[in-house]
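Structure first, then comments.
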Amino acid sequence: MRPPSSVIAGNSISIGTTGSAAATFYLIGPASSIKRSVDLGKDIPIVANNIQSAGNYVAIVCASSCTSSEFFVSAAQPSSLTLLVHPSRAPVAQKDVISAVALNFDEFHNLAMTPAGVDFHLSAQGVPPISRAVESKGGISWFRMSSGKSAGPLQVVASIDGVSTRRVVEEVASDPCNLRIKGQRTAKSISVETDPIRDCAGNPVPDGTVVTFTARDGDQVSTVDAPVKKDVARAEIDAKGPVTISAASGVVMGNELRMSGQ
Amino acid sequence: MINNRHYRRIKRSFQVAIAAALFSFVATIHAADSVPQVTLDVAKAGPRAVESLTARSVVRDYKLAWMNLSHALESNSTVPLSGLFDGTAKAWLSSAVDDQQRTGLTRRYLNQSHRLEAVFYAPEGDVMELHDTAEYDLQISDGSKTIHNEHATVHYVVLMTPGADRWVVRQLQAVPNF
């Protein structure tokens, strides 16, 4: 038997044979097994869809005895990219917080391992787009990058030979940078609220970020957790005597507010 | 009479002992044949370092995966392919089993040893590429007739991803060399 020396997935081939007897031909591949009657001395045609999976194939011919020959099928050109991007939400201004991994596959889901240039294109509103070319190794290319300074969607597009795949990372505000509170007495309680809360790059922190207000009246301490809504967190604190109120969110402490008694 | 009965009892005990020993011997041989030897080198893995616990899990699950692969292709059943194979690897192996059922072929992978080398571990740990230099005795049969028997050394590129409690083989692709 004379199988071709190199075979690309999804291409039909023919295997030459010698002899003149009737025989049984077998082709054992990673995803298939073929068995058919053949006449030795004639070429054995193998149709394309029997050799779509990359890997090693064993061709066997049995007449009075069995002989075998092996060949490899390689992946075809990349026609799809699997793109893994993490995280889906990234805080702004964080070093090397975003990573992207692209895997090259051909149309038959074979990992295309021939080195190829993969272009990563990153774009976000208000900043110039960034492109980075990475050569794949073993079918894989990857890169890591820092998040931008503005909150908003960051598009990550990986492309190879006209094929592209897109993912979106939502860049969100980092931890609050400054926390300032103000308050006033009402008839029954003290109403406190923060100034608009932003991270150190000036991005408003997301709604739902929790601010903890703490009121101290001598030895008595009471706390209220309040979520940020439209940049501001608000709380009502029941206290009739003089109290000192402070606020904290994450690791950031705000100013202290001293309120006199009613 | 008593001597004769005593003799028969001893003879039966001896036969049972021989049978048990033979069964144990056969079971040992079968176990040696079917349990692959797997080693893993993580020295070149990157960009993420492979923790020792992760390395142990990969070795455990890759070994089990090959046991199941071997069992599936020997018994022509797709049942062993559930759990440790997914994606393309599972689709290919299932297709191979289906074809074997249709053609009456079976494959046996005996005396397996796998030298694994982790060559890529994604920054977030969600995919690992490994190179496996596998050695085994491959036996292909058509019904009861063995049509191919060889000691093979095959290079596989393997993609594994972590599941809830195991590492799953998603791609198992033989290449001529690394």
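Just so it is clear, none of the values below were taken in a lab; they were calculated from the coordinates. All of these numbers come straight from a predicted model, not from anything done at the bench. Glycine also receives a Cβ, built like all others from the backbone with ideal geometry; neighbour counts cover every protein chain displayed.
On average, how much area does the Cα convex hull of the range B:36-175 cover when viewed from any direction, in nm²? Each step should come with its number before you reach the end.
Details: hull surface 31.8 nm².
The directionally averaged projection comes out at 8.0 nm².
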Volume per residue of the C-alpha convex hull in the protein assembly as shown, rounded to whole Å³: 245
Rg/Rg_ref, the range A:80-172, where Rg_ref = 2.2 N^0.38 Å and atoms are Cα: 1.08
Rough spin-label spacing in nm, given labels placed 7 Å along Cα→Cβ, for A:Val221 and B:Thr146: 7.8
Coarse-grained scattering of chain A at q = 0.16 Å⁻¹, given as base-10 log I(q)/I(0) from a Debye sum over alpha-carbon atoms: -1.05
Pairs beyond 29 Å (Cα-Cα), from A:Lys95/B:Lys90; A:Lys35/A:Lys137; A:Lys95/B:Lys63; A:Lys149/B:Lys44; A:Lys137/B:Lys90; A:Lys42/A:Lys137: A:Lys95/B:Lys90; A:Lys35/A:Lys137; A:Lys95/B:Lys63; A:Lys149/B:Lys44; A:Lys42/A:Lys137
Spin-label model distance (nm) - A:Glu170 vs B:Arg166, 7 Å beyond Cα toward Cβ: 3.4
Shape box of the range A:89-138 [Cα atoms, principal axes, largest first, Å]: 38, 19, 17
Reach of A:Lys240 by Cα under 17 Å, taken over lysines that are not fewer than 8 positions away in the same chain: A:Lys188
Computed [θ] at 222 nm, helices only, for the protein assembly as shown once each DSSP H run of length n ≥ 4 contributes -39500 (n - 2.57): -6000 deg cm²/dmol
Gained length - A:Ser37 relative to A:Gln94, 0.36 nm times residue gap less alpha-carbon distance: 14.0 nm
Label-point separation in nm, A:Val163 to A:Arg185, each point 7 Å along Cα→Cβ: 7.3
Shielding score for A:48-55, defined as the mean number of other chain Cβ atoms within 10 Å: 3
Proximal aspartates and glutamates to A:Lys229, defined as alpha-carbon separation beneath 13 angstrom and excluding residues fewer than eight positions away on the same chain: A:Glu193, A:Asp195, A:Asp207
Paramagnetic reach from B:Ser113 (point 7 Å along Cα→Cβ, amide N under 19 Å) across the range B:124-160: B:131-139, B:150-156
Calculated SAXS-style log₁₀ I(q)/I(0) at q = 0.24 Å⁻¹ - the range A:1-93, Debye, Cα scatterers: -1.22
